[in-house]
């Protein structure tokens, strides 16, 4: 019984701790993933970076399109889940356990996908604006970059931005 209590505490800590740095884990629906992939429109062999990769659904969708994909996730439980789910695509997908705000660890990428809270979008915009590896496309689900007009958007709340 003590091990069960300990397991529950560990799960609560893993999922609660990430709220300090980004967003809670909320899975992206398959329809939303397709819309995001269509909007960002990378070419086979290009790289998509997902900041806060959760269960790996976006990484899998990217790999299925022939893209390389890197996911950064802070929650160690979700890192394990994502790694297991993307194992089949291990030649195209890499999962990194780390803080998404450490942009020096971001790989060279052609596109970035995020599903983070609105309060963090300005910080993300500042990092990408100052990031030396451009051009890069950003697709955001549900939240917009303040004071920046999207190139395109979908009525279901998916926004595409480009940084040159």
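Any read-out appearing in this document is the output of simple, stated calculations on the displayed coordinates, not a laboratory observation. In this text, all values refer to a predicted model and were calculated from it rather than measured experimentally. Reconstructed Cβ throughout: ideal geometry from the backbone, glycine too, with neighbour counts over all protein chains shown.
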Kindly rank 64-73, 48-57 from highest to lowest mean number of other beta carbons found within 10 Å of each residue. 48-57, 64-73
Would you mind putting 38-44, 101-107 in packing order, based on average other-beta-carbon counts within 10 Å, highest first? 38-44, 101-107
Before rounding to the nearest 500, sum -39500 (n - 2.57) across all DSSP H runs of length at least 4 in the chain and divide by the residue total; then give [θ] at 222 nm in deg cm²/dmol. -10000 deg cm²/dmol
Where the centroid of each part is defined by its Cα atoms, how far is segment 62-85 from segment 91-164 in Å? 16 Å
State the extension gain, in nm to one decimal, for the chain segment bounded by residue 144 and residue 90, taking 0.36 nm per residue of separation less the distance between their alpha-carbons. 16.3 nm
In nm, give the distance between the simple-model label positions of residue 38 and residue 126, each being 7 Å from the Cα along the Cα-to-Cβ direction. 3.6 nm
What distance in nm lies between label points placed 7 Å from Cα along the C-beta direction at residue 26 and residue 99? 2.4 nm
Counting pairs of alpha carbon atoms under 8 Å apart in space and at least six apart in sequence, what relative contact order in percent does segment 2-163 give? 22 percent
For the chain, divide the Cα radius of gyration by the Kirkwood radius and give the resulting Rg/Rh value with two decimals. 0.97
Projected label distance in nm at residue 155 and residue 108, using a 7 Å step from Cα toward the beta-carbon: 4.1 nm
Protection proxy ranking of 74-83, 143-152 - average other beta-carbon atoms within 10 Å, highest first: 74-83, 143-152
